[in-house]
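S.K.: Take this structure first; my questions come after.
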Amino acid sequence: MKRHSLILALGLAAACLAAPASAKTLKIVASFSVLADVVHEIGGQSVEVKSLVGPNGDPHEFEPSPTDAKTLKTADLVFVSGEGLEGWMERLITASGYAGKPVVVSDGIKTRTMEEDGQMLTDPHVWNSPVNVEIWVANIEKALETADPTSAAHFKANAERYTAKLKALNVEAHRKLDDVAQSDRKILTSHDAFGYFGAEYGVTFLAPIGLSTETEASAADVAKLIDQIKAEKVKAYFFENSNDSRLVKQIAQATGAAPGGELFVESLSPADGPAPTYLKMFSHNLDLISAALAQRS
């Protein structure tokens with residue numbers, strides 16, 4: 001009888017260690033699918049995450065619906081990347097009546113700026129470097145712990161595990177790209193969303209459209225880009241899952257650049273696609289980019 005009681009007690013103790021002490025499940029809203037996935041990784045079983053912009057969606061051109069407003073109003077926490085990515089969020093918050101303040105996960109990241117049409121703009125695509133996503137993770141963990149202190153150990157363990165995977169991903173990217181000749185690290189993409197990837201791994205990305213897919217390239221800009229691609233002998237181009245690929249394909253045809261495949265830049269793929277999580281998204285992009293650059297060397 002005593003042995004049975006001891007086994008039962010040990011089983012209960014193990015169960016307590018495996019799960020957060022609180023049975024509370026936080027209702028989380030994240031602005032887009034990449035961020036939603038990372039929040040889910042840190043929150044684990046203590047969170048229920050809803051992404052406003054779904055798989056293959058464009059966070060620049062997203063138009064919130066009344067359903068999104070209702071979802072936002074009932075959220076315990078709202079996460080955004082920030083740096084100008086979610087220009088529609090303030091209007092959505094006002095329409096929804098959400099009383100809280102969104103958690104900006106990109107706070108603390110050293111951002112890039114660039115000039116477009118005479119204005120200096122901040123590049124919001126910080127997640128295309130896993131080094132920056134480590135900062136996301138720290139900010140997410142802190143916000144979740146504040147909302148549910150009883151699950152702090154659970155959030156901390158998840159954050160440490162996920163950060164280790166991000167560090168390994170960064171090491172792998174340097175391993176695949178550092179040996180490529182610097183003069184060969186040039187690629188054509190649909191819009192300027194890979195600046196942080198380029199800065200971390202020394203790759204130059206050329207694009208007909210600027211930081212936002214809402215902008216349009218002029219005929220003069222396209223002609224200038226075609227001349228630049230020819231002069232710098234850029235041999236590979238990529239299109240993106242979340243925006244129109246016709247322009248970049250037209251430029252590639254005019255320059256002779258060969259297709260490298262589809263990159264996932266601002267959104268994940270559906271669950272049955274090649275990039276259903278952030279880690280798989282980055283690995284997918286890295287594999288395609290490194291393969292294209294290796295062919296040039």
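S.K.: To the nearest 20 debye, what is the magnitude of the charge dipole of segment 47-118 about its Cα centre, counting +1 on the Cβ of each Lys and Arg and -1 on the Cβ of each Asp and Glu?
M.R.: About 400 debye.
S.K.: Follow-up question, since we're still on this one. Can you sort 185, 91 from fewest to most other Cβ atoms within 10 Å of each residue's own Cβ?
M.R.: So the residues, fewest neighbours to most, are 91, 185.
S.K.: Taking the mean number of other Cβ atoms within 10 Å as a proxy for protection, how do you rank 48-58, 168-178 from highest to lowest?
M.R.: Highest mean packing first, the order is 48-58, 168-178.
S.K.: Please give the FRET efficiency for residue 249 paired with residue 101, using the beta carbon to beta carbon distance and R0 = 51 Å, rounded to the nearest 0.05.
M.R.: After rounding, the FRET efficiency stands at 0.75.
S.K.: Follow-up question, since we're still on this one. Near residue 167, which lysines are there with a Cα under 27 Å away, not counting those fewer than 8 places off in the same chain?
M.R.: The qualifying lysines are 50, 110, 142, 156, 176, 186, 280.
Bear in mind that the values in this text are calculations on the coordinates, not laboratory data. Here the structure is a predicted model, which is why all the values come from computation and not from measurement. Cβ: placed from backbone, ideal geometry, glycine included. Neighbour counts: every protein chain shown.
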